[in-house]
Amino acid sequence: MEEKGLGRRINAVRKCRGFTSERLSELCNINATYLRQIEGGTKMPSLPVFINICNALKISPDYLLRDALEDNEVSKIRELSELWESTSPDRQEIAAAMIRAVLELENN
């Protein structure tokens, strides 16, 4: 797994949320030095610590692990969701009609 990518993402989200490393480490019940080592890519968090980080930052694990994960259903759904949200309501109606048509063909 790419520790540096994981650490960089944790660091970026932490700063975006306005947390200091000390505050995030408190929320995760870990030492601030350990958190800085995770963010620097020299340490890999245990699963419980990783879960605490995700919960404290209110971020999905797949976002933090995107360098290590292969494409999967969740990533495809998120990609479609982002496309959906970035288009106009008129185009959303057209896309929905197209999806319905494909699924109806599949069901028949």
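The values are calculated or read from the model by the stated rules, or taken from the named source; none is laboratory data. Given the structure is predicted, the values throughout are model-derived calculations rather than measurements. Cβ coordinates were reconstructed from backbone atoms using ideal geometry, including for glycine residues, and neighbour counts include every protein chain displayed. For accessibility, only protein heavy atoms count, side chains too; no ligands or nucleic acids. Shrake-Rupley method; radii C 1.70, N 1.55, O 1.52, S 1.80 Å.
Before rounding to the nearest 500, sum -39500 (n - 2.57) across all DSSP H runs of length at least 4 in the chain and divide by the residue total; then give [θ] at 222 nm in deg cm²/dmol. Kindly include the intermediate steps, with their values, before the conclusion.
Values: 7 runs with 78 residues, N = 108.
One gets -22000 deg cm²/dmol as the mean residue ellipticity at 222 nm.
Probing with 1.4 Å while keeping every protein chain in the model, the per residue accessible area of the chain equals 72 Å².
For the chain, the longest principal axis of the Cα atoms and the long axis of helix 89-107 meet at an angle of about 70 degrees.
Note on region 1-65: with neighbouring protein chains present and a 1.4 Å probe, carbon and sulfur make up 53 percent of its accessible heavy-atom surface.
Which whole-number percent is the relative contact order of region 1-46 (Cα, under 8 Å, 6+ apart)? Show your work: numbers first, answer last.
Working: 38 pairs, mean separation 23.5, N = 46.
Relative contact order comes out at 51 percent.
Placing unit charges on the Cβ atoms of the charged side chains and taking the dipole of the chain about its Cα centre, the candidate lying farthest along the positive direction among LEU27, ASN52, PRO89 is LEU27. Under conditions of 25 °C and 0.890 mPa s, region 1-47 yields 236 µm² s⁻¹ as its translational diffusion coefficient, taking Rh as the Kirkwood radius over Cα pairs in the Stokes-Einstein equation.
Dipole magnitude of the chain about its Cα centre, charges +1 at Lys/Arg Cβ and -1 at Asp/Glu Cβ only, in debye to the nearest 20?
Working: 15 positive and 17 negative charges, 151 e Å.
Roughly 720 debye for the chain.
Quick one: compute the contact order of the chain, relative version, from alpha carbon pairs under 8 angstrom and 6+ residues apart, as a percent. Averaging sequence separation for qualifying contacts and normalising by length gives 27 percent for the chain. When the GluC sites (Glu not before Pro) in region 1-58 are filtered for DSSP coil states and for at most 13 other beta-carbon atoms within 10 Å of their beta-carbon, the remaining sites are GLU2. Applying Stokes-Einstein at 37 °C and 0.692 mPa s to the Kirkwood radius of the chain, computed over alpha-carbon pairs, gives a translational diffusion coefficient of 204 µm² s⁻¹.
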